[in-house]
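What follows is a single structure, written as structure tokens, with notes after it.
Just so it is clear, none of the values below were taken in a lab; they were calculated from the coordinates. Just so it is clear, the model here is predicted, and its values are computed rather than measured. Note that each Cβ is placed from the backbone with ideal geometry, even for glycine, and that neighbours are counted across all protein chains shown.
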């Protein structure tokens, strides 16, 4: 199938825009690749230190026999359901490496925090910056520089982007990402959301709410809605960085271990077969566009409009929200997974999952097929699904959708356009996830109510002050103000107002997460208020028009008056509240240095 002209044009635009920085990046990769292996290049004391802790047989194998040595970067901790399965993965990986005459070492453990735990708390203000902390932690581990390949064990919101950014700074290494899989389905996401809305209205108490939440989040594995964590896994498949079809196999299944072992074999296949597939070359402009297309086709997390800008920058490429917007105009929505539908990711997997979506996009000319992947068979390998064939791992083709209420062919999509929309106007540049919003709510025009924190909005809701058409504006939520937390805790309250028939929207320089739901939300407004952005000019009562059809966000204020206004400034009390306690003091430098959301909110450039 011939590549769609818009896809081709966006790819070329990225290629041309990125030429100087990409060239510099590839030159640096070539220099790293052309060195002798670490155990041969380093001094004897360095080598002794590097392998003193491994079994003697492994030490002999990697030093004397010059066997491949695989770095394991692990996001394991046992308080978070998605990361708990990784406890056993290193031993499995080491065992499989030994079976193939290689060795493996845990090079680094990286932090993994859960937005579900910290949502609505001060700890959430560290969430976005944890991504760059993870990238740096990955770099610290790989800096020991005795590795021939790497396996990245990660799954959730900031963890995979952080691992990817870190790995791309060691782009000369063949690198395979290893997921853990989702938990089995519990209480449905729709039923959970209903209980949350009842709780927001005071119609059920804490006991009932906790019971519902505990039935939804009940065992090891990722949450089952299609938020940032599961969007990560879809994008890793589309970028060719997984073992094909490994994204949504539950951790409790035997197939999970076989796929983990296959990740070792995949990495060694590149190294021992001398196949050219370092991650810095796998992740090129075509690969980035494939990820963007997969995100749009599945109605994925809005967080990736920040994260994948940062990922591209780590590989010497520059993308922006215009690229997403142009692709969204031609990429059809092929899946309905909560919050864009009622199905969860387990139902998505059963219906055909990533392999079905990737095949449909390839056949429609909406993905680049001529890309490098960690597999020798290229991206077409990612259109099949894994299964056990006796004691062997095998793959089979995915035929028609097994449930067209969950995934549909490109010729009969849920929507002819993608799930994300760029909004521009006198309030700045921002994005909205329209795929989850009812069509009669794509345009909202109402007076603004200005809030300086999410707690203030929730207090106004509880006091009955928002029982009307209203655009709730929450500012001082950008990277420089307080680390750009997700404001997902506001969803139940706003959904209640919308359910009462009021025309309601949220406008913020903060984030709303991969769980952005049915209430229209213009998020990531840039420049942020703390950087002098236009949200600082808004006043209570200004009429705001959010138009998800035309792609605009404007304060309907006379231009002369608007330009004459003095922007509000964040108060000292608010700034102190954003920067003190729960370790937030340690991240002051990141807040000062953070780039805008559209620049990836990077703290390392």
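Observations on the structure shown:
- Distance cut-off 16 Å, percentage of C-alpha pairs in region 84-163 lying past it: 57
- Ranked by the mean number of other Cβ atoms within 10 Å of their residues, highest first, the peptides 140-152, 197-209 fall in the order 140-152, 197-209.
- Backbone N under 16 Å from the residue 272 label point (7 Å along Cα→Cβ), restricted to region 146-178: 148-150
- Prolate is the label for region 479-520, because the ratio a/c of its alpha-carbon gyration tensor axes (a ≥ b ≥ c) is 1.5 or higher and a/b is greater than b/c.
- The chain - Debye-derived log10 I(q)/I(0), Cα point model, q = 0.09, 0.11 Å⁻¹: -0.68, -1.02
- Sorted by Cβ density within 10 Å, fewest first, the residues 603, 88, 175, 24: 24, 88, 603, 175
- For region 218-369: rounded, prolate or oblate by the Cα gyration tensor [a/c cutoff 1.5]: oblate
- CD proxy at 222 nm, helix term only [per DSSP H run n ≥ 4: -39500 (n - 2.57); per residue of the chain; nearest 500]: -11500 deg cm²/dmol
- Efficiency of FRET between residue 540 and residue 206 - r from beta-carbon atoms, R0 41 angstrom, step 0.05: 0.80
- Extending 7 Å from the Cα toward the beta-carbon at both residue 215 and residue 558 defines two label points whose distance is 5.7 nm.
- Residue order, fewest to most surrounding Cβ atoms within 10 angstrom, among 33, 328, 127: 33, 127, 328
- When DSSP beta bridges are restricted to pairs lying wholly in the chain, around 45% turn out antiparallel.
- For the chain: relative contact order, % (alpha-carbon pairs under 8 angstrom, 6 or more apart): 15
- Region 485-605: C-alpha gyration tensor shape, a/c 1.5 cut-off, then a/b vs b/c: oblate
- Between helix 206-216 and the chain: long-axis angle, C-alpha atoms, 0 to 90°, nearest 10: 40
- Label-point separation in nm, residue 65 to residue 580, each point 7 Å along Cα→Cβ: 6.0
- Extended-chain gain in nm, criterion 0.36 nm per residue less alpha-carbon gap, residue 389 and residue 15: 130.4 nm
- Across region 420-599, the mean sequence separation of Cα contacts (distance under 8 Å, 6 or more residues apart), normalised by length, yields a relative contact order of 29 percent.
- Each of 304, 488 was scored by other Cβ atoms within 10 Å of its Cβ. Listed from fewest to most, they are 488, 304.
- Between helix 159-168 and the chain there is an angle of about 50 degrees, using the helix long axis and the longest principal axis of the Cα atoms.
- Helix 353-363 axis, angle to the chain major axis (alpha carbon atoms, nearest 10°): 90
- Ordering of 349-355, 158-164, 55-61 by burial proxy (mean other Cβ atoms within 10 Å per residue, highest first): 158-164, 349-355, 55-61
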